[in-house]
Amino acid sequence: MIVENAPVVTNAPNTIAHSVQIGSKLLAVDDIPAQAYLADRAMPLVCETTVHRRLDHAVSRLRLGSQGSRFLPTHFMTFAT
């Protein structure tokens, strides 16, 4: 979910729930600011009819991690609680 123009955690699977609190703001992915990462790497891979739906879908896909990654997504994400 996007709150104040930033991705915010609204739910977390059991595999990462111990390390990410609900309401945490995503600051960066692989040391890249979250908005830049979404625009450059996530949004181009998502097909939706509106920009808002594309952004929402892209944010929800971030928790899946990088394609081919062996690590949990939280290993390369920076959060603020």
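We did not get these values from a lab; they are worked out from the coordinates using the rules stated. Nothing here was measured: the structure is a model prediction, and the numbers come from that model. Note: ideal-geometry Cβ built from the backbone for every residue, glycine included; neighbour counts use all protein chains shown.
Here are the numbers:
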| read-out | value |
| --- | --- |
| Length released on extending from Asn5 to Arg41, taking residue separation times 0.36 nm less the Cα-Cα span | 11.2 nm |
| Where a label projected 7 Å from the Cα of Arg61 along Cα→Cβ would reach, residues of segment 25-41 with amide N under 17 Å | 29-30, 34-41 |
